[in-house]
1. With every protein chain kept in place and ligands, DNA and RNA left out, what is the accessible area per residue of the chain? Probe 1.4 Å, answer in Å².
2. Where the centre of each part is set by its Cα atoms, how far does segment 221-235 sit from segment 124-145, in angstrom?
3. In this model, which of K22/K202; K147/K191; K147/K229; K126/K176 are farther than 23 Å apart at the alpha-carbon?
4. Work out, in µm²/s and without decimals, the Stokes-Einstein translational diffusion coefficient of segment 110-234 at 37 °C, 0.692 mPa s, Rh from Kirkwood over C-alpha pairs.
5. Roughly how many nanometres apart are two label points built 7 Å out from the Cα toward the Cβ at D50 and L10?
6. Which order, highest average first, do 183-192, 17-26, 62-71 follow once you tally other Cβ atoms within 10 Å for each residue and take the mean per peptide?
7. Whenever you get a sec, compute what percent of the accessible area on the chain sits on carbon and sulfur atoms (1.4 Å probe).
8. Expressed as a rounded percentage, what relative contact order does segment 1-81 have, with Cα pairs under 8 Å and six or more residues apart?
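The values are calculated or read from the model by the stated rules, or taken from the named source; none is laboratory data. Nothing here was measured: the structure is a model prediction, and the numbers come from that model. Don't worry about glycine lacking a Cβ; one is built from the backbone with ideal geometry, like all the others, and counts go over all protein chains shown. Keep in mind that these areas ignore ligands, DNA and RNA; they rest on the heavy atoms of the full protein, side chains included. Shrake-Rupley method; radii C 1.70, N 1.55, O 1.52, S 1.80 Å.
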Amino acid sequence: MDMPTSPQALTRIDAHFIIGGKYHDMDTPRIEILKLLAEHPNIRTTVACDYSGLERLEQCRFLVTYTVDEIPTKEQTDYIRSWLEKGGKWLALHGTNSILEFTEEGLVDAPDDTTGVMELLGTQFKAHPPIGPFEVEVLNDTHELSKGISNFEVVDELYISKVTNDLNVLMQTTFKGEATGFVDSDWPETKVPILYTRDVGKGEIVYNMLGHCRGHYDLPGMQDFYPHKEMCAWNYDVYYDMLRRSIGWAMREETREEA
């Protein structure tokens, strides 16, 4: 009679997940990302709705964020920067680089950052056109996050962002036209990063701009019932592939050597 074998012992990996903000369905990404993390039984994750309690990062190999108009203070940004420089990894998703402000004219502005987080991230959201299809172009087919992935079309909220630092862009798209309802509404032909990496000391940031999500009840004070549920990239297998690859990248213990 064969005796049952013991499961292979894996090293515990701690992670911290910040998800919160405005105008989006935060419940769906929260559940879906936690499910992806749970595919690895040795990952132990804490969850927060803002950037308070960052001392938790001292026990963590990586940070995941999915936020919209929810940014760290200057002191919190400095804390994250120091943690990255020592070898931390930050997987930033969708609206992490957004600051939103409504003008008296009813337009959406993206005011300049005063905390330093957009310089740290490498981009700052400025506007998006109406949700619709666009093609994602794979620029680097040898990187672990993009190898084997062909150009693909996705329906999503296209975040047009200002580049604020050096980036290693793995995927991009091109936009030309109008971002209706935004202060920065008219855009000439613009290359838009979709997936990129950025080195910070011994650590690294991976930013994936895809993943908009809005349900029926996510615009309180603006619209009691939003009739058109939006799942965008969450409907696509390629997006889940990108997320799984990013979690695999974040799990690894090795850190970069500083240049």
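1. On the way: 12560 Å² over 259 residues.
Value for the chain: 48 Å² per residue.
2. Rounded to whole Å, the Cα centres lie 21 Å apart.
3. Numbers: K22/K202 32 Å; K147/K191 21 Å; K147/K229 32 Å; K126/K176 14 Å.
Correct reply: K22/K202; K147/K229.
4. Translational diffusion coefficient: 206 µm²/s.
5. So the label points at D50 and L10 sit 3.4 nm apart.
6. Working: 183-192: 13.3, 17-26: 20.7, 62-71: 23.4.
Most protected by this proxy first, the peptides run 62-71, 17-26, 183-192.
7. Values: 6150 of 12560 Å².
Whole-percent figure for carbon plus sulfur exposure: 49.
8. On the way: 95 pairs, mean separation 35.2, N = 81.
Averaging sequence separation for qualifying contacts and normalising by length gives 43 percent for segment 1-81.
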